[in-house]
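Quick note: the coordinates plus some simple rules give every number you see, no bench work behind them. Treat the numbers as computed from the prediction; the structure is a model and nothing was measured. A quick note on method: Cβ atoms are made from the backbone with ideal geometry, for glycine too, and the neighbour counts reach across all protein chains shown.
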Amino acid sequence: MSKKTMLLALAVVSAAAFALPAGASAQEIHLTGVESFSGTFGTGSLTAKEEPVVTCGEAANQNHVTGTVNTGGTTGNITLDFTACHIVVLGITLPCHSTGATVENTIASSGVFHLITIKEKVPGILVTPVATKVECKNTQPINVAGNVIGTITSPACEGSSKNMTIKFSASGATQEHKLYTGVNYNLTSQTGTGTIKEASQVSESTTSSATEGTLDCT
């Protein structure tokens, strides 16, 4: 979902699309030594105020993330594939899928990412997924857009590893981290033609690469 993306956490876009949003150029960090990555994450969710929560993934049916890193190591492409996606309405579980998906409970999303610092020496990631339409059975479609900021919990700044752990946290529909260089970033959710509402993504992913990468936060 972009991931609803979460919701994705997200079509490969051209390098020209990797320009940072206005006001978000001062605190980039660099990932060196890595060209691509892949990984999995367990249960994830997308929440909008007064709307059913879209939940994806199960312990035995994990969601997947893949990506590439552009030259310079600050930006890249990211693709998110969510499985076992659903909402619960009046106690009834309804499957959800992105428009065009061949399986009724899968959501595919993609977009671009920028590596940033959330605060001094705390690495993070700003993900901008493409706008994604999520359809849940017998309900109006949900249009998801915007941006989402997550924390890189491992490795730390100046640390090196073949693995990276990224965590997106929220309280209800409010993402834990929204502010970057004085600008607020968040996901939005619109059910049918209704009000556009702020939305949040909760998930934690672990990715790996063939080579060891270093996070340069200086």
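Give me a count of the residues in the stretch 185-218 that are under 15 Å from HIS114 (Cα atoms) and not aliphatic (A, V, I, L, M).
Of the residues in the stretch 185-218, 4 are under 15 Å from HIS114 (Cα atoms) and not aliphatic (A, V, I, L, M).
Please determine whether any residue of the stretch 78-88 is surrounded by 14 or more Cβ atoms within 10 Å (Cβ to Cβ), assigned to a loop (DSSP other than H, G, I, E, B) and acidic (Asp, Glu).
no
For the stretch 180-206, what are the residues that are polar (S, T, N, Q), within 19 Å of the chain's Cα centre (by Cα), part of a strand (DSSP E or B) and within 23 Å of THR132 (Cα to Cα)?
Matches in the stretch 180-206: ASN184, THR188, SER189, GLN190, SER200, GLN201, SER203, SER205.
Taking ALA156, is it among the aliphatic types (A, V, I, L, M) and part of a loop (DSSP other than H, G, I, E, B)?
yes
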